[in-house]
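Structure record follows, encoded as structure tokens.
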Amino acid sequence: MTLWDKGTLGDKPPASSLVSASKIPITAQSGAAGGKPTGAVAWAVLDEGVKVRINTRYADDASSAGMKTAELGAGERQGVEFIPGLNPLERRFFEKNAQESATIDKGITRLNFGLTGDAIAKGSGVRDALRTLTHDVTTQSVGLFTDTARGGLKQDFQLMMNDPVLPKEYLAKGVYQACLGGNSLLGPAEPKWDLLYQYANLYRSANSNPYPKNVTVSGGTPLLKAQTPPNWVAATTSGTTTTINTTPPPGLAILILTERGEKLGYVPRDRNEILARLMDAGKFIIARLESKEWHGDWLRVAARIYLRDV
């Protein structure tokens, strides 16, 4: 059956614009008509992403950096006046401060937009012109977030980073490995999803003060605290004896020690990925203490890290 015909496309639509679909019979599951066809359904899925949006506005008087960025990034210069049949919709109609623009805002469907166009441009036939442009223009900008490499839908990165835990299909996997399957494409150099998840959550954990719990403040300047892996103790002290835990924690962690085995701290989690991969490959990493400063009960240690290639 034909889903889009003359009623949608105008009196003389080209054959390539017609949309047809096969009927799928609907069979009753129970009752007197059980097992018998009771109707049919047909549908088509079309890609709105290839259409031009025609009812967005723009601001010639964008003054702030935010407004200018929005104007550049939103693609709001639709150029409707250059589309045959829609020429009467002048550029000035789409300015945000124009009276006509407030009317255009109500055009949330092509039909409403067509009626609006006829009213603003005084019966110019915009509504009829839109019918032949059904496959070319839209008043909507909603689309599917599709995965062109593997098919299906993409995973929304922001939603994934906001989850309480990283989804199991991404745990301990490289970015390309998890997305494309198979073995790691870059070997030890491939970034891990665990690292991205940790980095995204560095500043997110709320606390009673205005800053997240991983951040302290010194002289009005927020400073990121070094983090110890949860449920893991680096060293224990009994009297004057300190015993260092030589069993590494899960995930990536680099403990910095003095030549006498004294613990200085950890390489910040958001910076240890490359260093950890180099160490896994047998490279020798050393650190040189640059400065140290107490901030309340927390000692901030700054060190430079070097690769000694022997």
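The values are calculated or read from the model by the stated rules, or taken from the named source; none is laboratory data. Because the structure is a prediction, the values reported are computed rather than measured. Please note: Cβ atoms are built from the backbone with ideal geometry, for glycine as well, and neighbour counts cover all protein chains shown.
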The one condition in (1) under 17 Å from ILE274 (Cα atoms); (2) modelled with pLDDT of 70 or more; (3) more than 27 Å from the chain's Cα centre (by Cα) that GLU259 fails to fulfil: (1)
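Across region 15-33, what is the number of residues that are exposed (fewer than 10 other Cβ atoms within 10 Å of the Cβ) and either in the same structural domain as ILE83 (by TED's automatic domain parsing) or touching a Ser or Thr at 6+ places or on another chain (Cβ under 9 Å) (or both)?
Just the residues of region 15-33 that are exposed (fewer than 10 other Cβ atoms within 10 Å of the Cβ), to begin with: 15-16, 22, 29-32.
If we keep only those that are either in the same structural domain as ILE83 (by TED's automatic domain parsing) or touching a Ser or Thr at 6+ places or on another chain (Cβ under 9 Å) (or both) too, we end up with none.
Looking only at that region, the number is 0.
Let's see how each residue does on (1) outside the structural domain of ASN55 (by TED's automatic domain parsing); (2) farther than 24 Å from ALA62 by Cβ:
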site	(1), (2)
ASN87	no, yes
PHE94	no, no
ILE104	no, no
ASN112	no, yes
LEU115	no, yes
GLY123	no, yes
VAL126	no, yes
THR134	no, yes
ASP147	yes, yes
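For region 106-123, name all the residues that are small (Gly, Ala, Ser), surrounded by 15 or more Cβ atoms within 10 Å (Cβ to Cβ) and modelled with pLDDT of 85 or more. If you could, list the steps in order and put the result at the bottom.
Of all residues in region 106-123, those small (Gly, Ala, Ser) come to 107, 114, 117, 119, 121, 123.
Those still in the list that are surrounded by 15 or more Cβ atoms within 10 Å (Cβ to Cβ) too: 107, 114, 117, 121.
Listed by number, the residues that qualify are GLY114, GLY117, ALA121.
Considering only residues of region 1-40 that are aliphatic (A, V, I, L, M) and assigned to a loop (DSSP other than H, G, I, E, B), which is nearest to GLY85 (Cα to Cα)? Lay out the reasoning, then the answer.
Kept after step one, since they are aliphatic (A, V, I, L, M), are these residues of region 1-40: 1, 3, 9, 15, 18-19, 21, 24, 26, 28, 32-33, 40.
Still in the list and also assigned to a loop (DSSP other than H, G, I, E, B): 1, 18, 21, 28, 32-33.
Details: MET1: 29, LEU18: 20, ALA21: 29, ALA28: 48, ALA32: 54, ALA33: 51 Å.
Taking the candidates together, the pick is LEU18.
Being modelled with pLDDT of 65 or more, farther than 30 Å from GLU81 by Cβ and not hydrophobic (A, V, I, L, M, F, W, C): is that true of TYR197 here? Please lay out each step first, then the result.
Values: modelled with pLDDT of 65 or more: yes; farther than 30 Å from GLU81 by Cβ: yes; not hydrophobic (A, V, I, L, M, F, W, C): yes.
Answer is yes for this residue.
Under 29 Å from the mean Cα position of the chain (by Cα) and touching a residue at least 12 places away in the same chain (Cβ under 8 Å): does that describe THR146? I'd like the intermediate steps shown before the answer.
Numbers: under 29 Å from the mean Cα position of the chain (by Cα): yes; touching a residue at least 12 places away in the same chain (Cβ under 8 Å): no.
So THR146 does not fit the description; no.
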Residue tally, condition outside any helix (DSSP H, G or I) and among the charged types (D, E, K, R), over region 90-142: 7
Residue identified as outside any strand (DSSP E or B), outside the structural domain of MET161 (by TED's automatic domain parsing), at pLDDT below 70 and in contact with a Leu (Cβ under 9 Å, 6 or more places away or on another chain) among PRO230, PRO212: PRO212
